[in-house]
Amino acid sequence: MKKVAIITGISSGMGKAAALYFKEQGFEVYGGARRIERLADLKEQGIHTQSLDVTDAISVRALVDRAISEQGQIDVLVNNAGYGEFGPIEEVPIENAKKQFDVNVFGAAQITKYVLPQMRQQGSGRIVNISSVGSNIYSPLGGWYYTTKASLNMWSDVLDQEVKQFGIRSVIVQPGLTKSEWSTIAFENAKKNLAENSPYENMLDKTEELFSKITFSEATAEDLAKVFYRAATDIRPKRRYYHSVVDHGMVLVARTMPNTYRAVLSKMMKGI
């Protein structure tokens, strides 16, 4: 039977890989991103693309309405769009912090509000929210990003309790470090957010070096696309999905032994 998925943030990385993988598995895939010029190759491969800004309700509504008009159903929504607003909490402008929430949390909430009536009418649907291991583990300079992902986790859990009575489920995928542009962009943002003669310059250098050394659990975008697909199609969905045992293990340590995690992080930072 035909299945239809909407995926946000498909111009690169995990979102692009997911759009291609869902298409390979027989889905009709609708998606978008702000950088429309990067969607041409996806369109050539049969993916329904358009410009999308998840913070713009009109843009979001246009994508959802198009999918319903052309296909008559929405089976899966993958809330993938997001980015990392890194920098010292003291120095990141509050406007930037608000933008981080607008994209990573409220953007997901907005498009979800638009797909739920269709899913409820169908009596089925799956909301896959792309969070991060950073919703549980943390490092210096990522405070606003980690906070948005922790918020997304709680939002998804509450949503799941509200909509499962209609045959709809809301689940979380928690990727770890990935071989993508994400870290580069996050630390470019961190440098932009540093004040002149910032007392945090040395910490930024150390944190960036720490990220560059943690490669043992890196996943490719294609690896994570398969995790997204499993989260979207499992008959008995789980609350959380991880790429690896290592990612899951780090989350468990941070959640159940927070003092141990803090001590290990401090030791790693001092060792750089």
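Could you state how much accessible area His48 has, in square angstrom rounded to the nearest 10, with a 1.4 Å probe and all protein chains kept in place?
Number for this one is 40 Å².
What is the helix-to-structure angle for 258-270, meaning the angle in degrees between its Cα long axis and the longest Cα principal axis of the chain, kept from 0 to 90 and rounded to the nearest 10?
So the inclination is approximately 60 degrees.
Against the longest principal axis of the chain, how steep is helix 13-24, in degrees 0 to 90 to the nearest 10, with axes from Cα atoms?
On a 0 to 90 degree scale, this one is about 30.
Among (1) 27; (2) 54; (3) 31, find the value of percent of Cα pairs over 29 Å apart that was calculated from the structure presented, and write down its label.
The listed entry that was calculated here is (3).
Sort 221-230, 2-11, 257-266 for me by packing, meaning the mean count of neighbouring Cβ atoms within 10 Å per residue, highest on top.
Per-residue Cβ counts within 10 Å, averaged per peptide and sorted highest first, yield 2-11, 221-230, 257-266.
For the stretch 195-272 and the stretch 68-96, what is the centre-to-centre distance using only Cα atoms, to the nearest Å?
If you average the Cα positions of each part, the centres end up 19 Å apart.
Report, to the nearest 10°, how far helix 201-213 tilts away from the longest principal axis of the Cα atoms in the chain, using its own Cα long axis and a range of 0 to 90°.
The two axes meet at around 60 degrees.
Could you work out what % of the accessible surface of the stretch 2-269 is carbon and sulfur, using a 1.4 angstrom probe and leaving DNA, RNA and ligands out of the count?
Details: 6590 of 12650 Å².
Looking at the stretch 2-269 in its full context, I get 52 percent from C and S.
So for the stretch 28-72, what percent of the C-alpha to C-alpha distances run longer than 17 Å? Walk me through the intermediate numbers first.
Values: 303 of 990 pairs.
Of all Cα-Cα distances in the stretch 28-72, 31 percent exceed 17 Å.
The values are calculated or read from the model by the stated rules, or taken from the named source; none is laboratory data. Predicted model, so just to flag it, every value in this text is computed and none were measured. Ideal geometry is used to build each Cβ from the backbone, glycine not excepted, and the neighbour counts take in all protein chains shown. SASA here: full protein model, heavy atoms, side chains in, ligands and nucleic acids out. Shrake-Rupley method; radii C 1.70, N 1.55, O 1.52, S 1.80 Å.
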